[in-house]
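Since every read-out is calculated from the coordinates, none of them should be taken as a lab result. This is a predicted model, so every value here is computed, not measured. Cβ placement follows ideal geometry from the backbone for every residue including glycine, while neighbour counts extend to all protein chains displayed.
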Amino acid sequence: MMELDVILDALDRASAALGDIGAVNAKPTDVGVFDVVTDADRAAEDIILGAIRSAFPDDGIIAEESSPDAEGSERTWAVDPIDGSVNLSRGIPLFGMQAVFMESGVPSASAISLPCQGETFWASPEGAFMNGSPIRTAEPRPLRECILTTGDFSRRSEDYRLMQARLMSDCRDRVARFKMFGAACVDFAYLACGRSDVHVRFVNKVWDFMPGMYLAGRAGAVYDRDLLDETGILIMCSSRGVLDEALAELLPLISPSSSRR
């Protein structure tokens, strides 16, 4: 698939250009002092968007740094040149680059590069892969034995912040461990390859969640589409059984009005 080849080549070149994570110049963005944009964000976006525009000049591109509000065309790419910029700026090796290709809003190719781990994940209709090897989500297990990941606290929605606070406080005894990696690409990649079991996210921008959501889905992860469409809450799990238990046990605590009981 040519689109996937373009994504993989672009992410590989952007990763190679990244250099030493300790040499990054972090600058504030208009989101607030808690978010940063680095020189690496700009450089990676230039490489990735340049590759896409060269191969597919008529396609639409939604990119975090340069065109976050761009209107998508029938053929659209969503790109996050550095996901986890705060981690990168502080020398924390949990960050990555990600992109997804969509036709009429339906994804068919995505890739995530985690440079510090030396891992590249990708997905297509043929399945999900890491460094060329097929991957699958973890085997089903009781929710109490699951590792749950969640994104950083929302800085755009007070409702999401409150729901996430309830997730952390009221659900802590329902799972084995909570993890907050600070990068959606890590959350979804780890779900896809079986390192975690449940991911809870309050979705916002397409470049944040779609590359990894498609990857995890192709690896076998499942979610409640109606819940996502109606509330913006994504609960994505390694199997149907884990999802059913998560919806029954976690959702009423996070957002009682959205209970599926």
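Computing mean projected area of the Cα convex hull in nm² directly from the structure and comparing it against [x] 15.3; [y] 12.9; [z] 13.6 singles out [y]. Taking a ≥ b ≥ c as the square roots of the eigenvalues of the Cα gyration tensor, segment 143-258 is classed as rounded, since a/c falls below 1.5. Derived scalar couplings between HN and Hα for segment 112-122 equal 9, 10, 10, x, 5, 8, x, 10, 10, 10, 8 Hz in order, rounded to whole Hz, by the Karplus curve 6.51 cos²θ - 1.76 cosθ + 1.60 (θ = phi - 60°), x for Gly and Pro. Among residues other than D208 with Cβ under 9 Å from its Cβ, the summed charge is -1 (Lys and Arg +1, Asp and Glu -1). Fully extending the segment from S169 to A17, taken as 0.36 nm per residue of separation minus the present Cα-Cα distance, adds 50.6 nm. Mean sequence separation of contacting Cα pairs (under 8 Å, at least six apart), scaled by the length of the chain, corresponds to a relative contact order of 16 percent. The helix-only estimate of mean residue ellipticity at 222 nm for the chain, built from DSSP H runs of length n ≥ 4 each weighted as -39500 (n - 2.57), is -11000 deg cm²/dmol after division by the residue total.
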